[in-house]
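A quick write-up on the structure given underneath.
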Amino acid sequence: MNQEKIGKFIATLRKEQNLTQEELAEKLGITAKAVSKWECGKGLPDASIMLELCQILKITVNDLLSGERVDKENYQKKLEKNIIDTIDYSNKIVDEKNRKIAIFIMLLGIFLIFNAFSVFPTESSWGSIFSVMGLLISTLGFINLKKNKIFKKLFLGLIYFIMGFILLIILDYGNVVLNKVPPRFSYLIKTTEDMIIYKSPLCNVYRINRNTKNEYYIVDTKKEYTEENVPIIPFNRDKSGIENLIHYKNSYVGNNSNDSHLIDNLPLAEYGYVFEIDTANLGLTIDYHITDWYVNGNHYLEKSLLYNSVSIFTLINNVKQITFNFSGNTYTVTRNQVEELYPHFKDISDKEINQNNFNEYLESKMNDNDFVLNIFQKIFVN
């Protein structure tokens, strides 16, 4: 069926009837734009108005579909061909419409997945539920994108869903690694006194000190940790762990920017502070904006001051004394006291800081209340 030929034929007959596109459109109860579309060969009249159009143009439907007036000798032959062409054309229109609907459904599913990732927090199960729903909707659109036998449709749909689900898991994994958040697609969530454990296909995530100022995540991509050996400390390990603190190692106290960054990443900084440097006596004074007893649940004060002292003496080579001021009390510690009384201090703070020793002899010791209280009472002057 030659749409361009039919369009030119309609335009010629309209002019023979001395009708404008607007006048013909008015007689048919349609828009002039629709008539223009026919005459440009970009579409055909709808079947519901085709007979009325032929009456106005004084032709038969067979003539219209042929794009010319058909003589009697060829009428039957043309009629049969036009019927077949019309059926083919109708099928193409239906297929194209179905294809557009299928594409819309696919995009709707993808849009739902995007919103599930954007709107719901990672720890909410609704994010995974809506993303899987979106994937199912998108798969439904994909299945109906092309005409295939039912078994082939189901097979291709299954492949599409599996590949899509794998992609969702990979995207979720990337978000977990980059942003250190709970995975959306966890097959097991376990809550203990100290943490929440999320087990997902590509990694395990440990959420420690949850809902506190010191909450931190350990993303275990190698799945080497267990509930028993995962590093747990009362501080935010992302900030206060040696892997971060070592960036602020400095030979001399007095580098205000470096000293500030170091103190800002140590425990108790979350309550606010100011600090002063005594360059003459190589001393450091930190004034915290909090009362000491206020932060001393589970000996948090002693753990923080001990951890901060060893960390500062390890990372700033020449500082000799540190004073920690609170609205209630003042605590002072010297390098000599720490070197003499803190076990394995030299193993931690040798010429090159040994990060493994730091974790073993300082970080992990913060979970031992008896050790902390014993060392604290020995080396701190209140």
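The values are calculated or read from the model by the stated rules, or taken from the named source; none is laboratory data. It should be emphasised that the depicted structure is a prediction, and the values quoted were computed from it without experimental measurement. Reconstructed Cβ throughout: ideal geometry from the backbone, glycine too, with neighbour counts over all protein chains shown.
Note on region 225-284: among residues that are more than 34 Å from the chain's Cα centre (by Cα) and acidic (Asp, Glu), the one that is surrounded by the fewest Cβ atoms within 10 Å (Cβ to Cβ) is 276. Is it true that residue 235 is among the aromatic types (Phe, Trp, Tyr) and assigned to a loop (DSSP other than H, G, I, E, B)? Judged against the criteria, residue 235 is a match. Contact annotation: residue pairs with Cβ atoms under 7 Å, 6 or more positions apart or on different chains, pairing a residue in region 90-101 that is assigned by TED's automatic domain parsing to the domain that holds residue 144 with a partner that is surrounded by 12 or more Cβ atoms within 10 Å (Cβ to Cβ), are 98/144; 99/145.
Of the listed requirements (1) modelled with pLDDT under 85; (2) of a type outside the set (A, V, I, L, M, F, W, C); (3) touching a helix residue (DSSP H, G or I) at 6+ places or on another chain (Cβ under 6 Å), residue 14 misses just one: (1).
Consider residue 299 carefully, then state whether it is within 22 Å of residue 326 (Cβ to Cβ) and in contact (Cβ under 8 Å) with a residue 60 or more places away in the chain. Taking the combined requirement at face value, the residue satisfies it.
Residue pairs whose Cβ atoms lie under 8 Å apart, separated by 6 or more positions or on different chains, with the first residue in region 38-61 and without any contact (Cβ under 8 Å) to a residue 24 or more places away in the chain and the second acidic (Asp, Glu) and surrounded by 18 or more Cβ atoms within 10 Å (Cβ to Cβ), are 54/63.
Confirm whether residue 204 is surrounded by 14 or more Cβ atoms within 10 Å (Cβ to Cβ) and more than 25 Å from residue 117 (Cβ to Cβ). Answer is no for this residue. Quick check on region 48-84: of everything there that is assigned to a helix (DSSP H, G or I) and small (Gly, Ala, Ser), which residue is farthest from the chain's Cα centre (by Cα)? Taking the candidates together, the pick is 66. Report every pair of residues separated by at least 6 positions or lying on different chains whose Cβ atoms are under 6 Å apart, first residue within region 265-281 and over 21 Å from residue 247 (Cα atoms), second in a loop (DSSP other than H, G, I, E, B). From region 265-281, the pairs are 271/289; 271/290; 272/289; 279/254.
Of the residues making up region 329-361, those that are of a type outside the set (Phe, Trp, Tyr), surrounded by 14 or more Cβ atoms within 10 Å (Cβ to Cβ) and under 24 Å from residue 294 (Cα atoms) are 332, 333. If a residue must be assigned to a strand (DSSP E or B) and touching a Phe, Trp or Tyr at 6+ places or on another chain (Cβ under 9 Å), how many such residues does region 184-202 contain? Adding up the residues that qualify gives 8. Could you figure out which of (1) loosely packed, with under 12 Cβ neighbours inside 10 Å; (2) at pLDDT 90 or above isn't true of residue 150? Unmet for residue 150, out of (1) loosely packed, with under 12 Cβ neighbours inside 10 Å; (2) at pLDDT 90 or above: (2).
Here's the yes/no breakdown for (1) in the same structural domain as residue 327 (by TED's automatic domain parsing); (2) assigned to a strand (DSSP E or B); (3) in contact with a helix residue (DSSP H, G or I) (Cβ under 9 Å, 6 or more places away or on another chain); (4) under 21 Å from residue 358 (Cβ atoms):
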residue	(1), (2), (3), (4)
245	yes, no, yes, yes
253	yes, no, yes, yes
261	yes, no, yes, yes
267	yes, no, yes, yes
274	yes, yes, no, no
277	yes, yes, yes, no
281	yes, no, no, no
287	yes, yes, no, no
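Taking region 333-365 as the range and being outside any helix (DSSP H, G or I), without any contact (Cβ under 8 Å) to a residue 24 or more places away in the chain and under 24 Å from residue 283 (Cβ atoms) as the test, the residues that pass are 334, 350, 351. Within region 90-143, the only residue that satisfies the criterion of being over 30 Å from residue 176 (Cα atoms), touching a helix residue (DSSP H, G or I) at 6+ places or on another chain (Cβ under 6 Å) and surrounded by fewer than 18 Cβ atoms within 10 Å (Cβ to Cβ) is 102.
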